[in-house]
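**Q** My structure is below; once you've seen it, I'll send some questions.
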Amino acid sequence: MKKILDYDIDKVHIFKNIKDSTRKELIKKGKIKSINKKDILFYEKEKIEKIYFLLEGKVSTFKMSEGGERKVIFILKQGEMINEIILDEIKTSTVTCEAFEKSLVLEYSIEEFIGIVENDFGLSKNIFNYMERRTRRLYRQLKNSISIKIDKKLAAKLYRISKEFGVKSGSWTLINVNISITYIADMLGCKRETLSRAMKNLQDEGLVKLEGKKIYVKEIELSNYFKGN
């Protein structure tokens, strides 16, 4: 287990603008663990007694369908809270969490973390705001997954990924995260072949460009495409 003092916990979004005494408690009671790509941090329906935050790297959260297909919910990056604070007695996770790349995770026991939160309303407020933003992301995903063509679902997903991980490259935006066609299909809950056809359609429309494993998009045009009739 790595020493927490060797890392900047201010990288965690909800730890901004909190009391100095709260920060000291977070440093005192937190633990850091390293996970490698494809390592599972926790499984769906597993009993969890900890709350996790991402200090470095990326992780993905997903659910498995009855047919054994993976449905990716989020790709989370540095500074994000990975799992929700579970207060009920069962304390089971609603998703599986897998390391998308080598990552550093900050962890607390839920009981100790709640004790820290109780003494700092600023931290409580940060958690409320963060979970509200996450809920809004889920609403957008739900909206984009219902009653629209796969081409528009893909356009919406690529747009959201580019807003989170995009790097400007001339008139294009490079999606600066290592995702494959298969992985995007998992995110949309469709077959790889179906996703490939939709990707080809977006390329023909001049909205997407593939160079090897790199994906470039036209953000504004993608937005107009999936919002259009």
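**Q** Kindly write out, for segment 58-75 in residue order, the coupling ³J(HN,Hα) from the Karplus curve 6.51 cos²θ - 1.76 cosθ + 1.60 (θ = phi - 60°), rounded to whole Hz, with x marking Gly and Pro.
**A** 9, 10, 10, 10, 8, 10, 9, 7, 4, x, x, 8, 7, 10, 6, 8, 9, 9
**Q** Note the direction-averaged projected area, equal to a quarter of the hull surface, for the Cα convex hull of segment 37-131, in nm².
**A** About 6.3 nm², averaged over all directions.
**Q** Based only on Cα atoms, what mean projected area does the convex hull of the chain have, in nm²?
**A** Quarter of the Cα hull surface area: 14.0 nm².
**Q** Now a separate question. Give the peptides 86-94, 151-159, 199-207 in descending order of average Cβ contacts within 10 Å, highest first.
**A** 151-159, 199-207, 86-94
**Q** I'd like the Karplus ³J(HN,Hα) series for segment 81-98: coefficients 6.51, -1.76, 1.60, θ = phi - 60°, whole numbers in Hz, and an x wherever there's a Gly or Pro.
**A** Per-residue couplings from phi come out as 7, 7, 10, 7, 7, 8, 9, 6, 6, 6, 6, 9, 6, 8, 9, 9, 10, 10 Hz.
**Q** Please report the carbon-and-sulfur percent of the accessible area for the chain; probe 1.4 Å, protein heavy atoms only, DNA, RNA and ligands left out.
**A** Taking all protein chains in place, the chain shows 49 percent carbon and sulfur surface.
**Q** So how far, in whole Å, is the C-alpha centre of segment 198-229 from the one of segment 95-140?
**A** 33
**Q** Under the definition of Cα pairs under 8 Å and six or more residues apart, what whole-number percent is the relative contact order of segment 9-160?
**A** For segment 9-160, the relative contact order is 31 percent.
The values are calculated or read from the model by the stated rules, or taken from the named source; none is laboratory data. Just so we're clear, the structure is a prediction, and the values are computed from it rather than from any experiment. Ideal geometry is used to build each Cβ from the backbone, glycine not excepted, and the neighbour counts take in all protein chains shown. Accessible surface areas use protein heavy atoms only, side chains included; no ligands, DNA or RNA. Shrake-Rupley method; radii C 1.70, N 1.55, O 1.52, S 1.80 Å.
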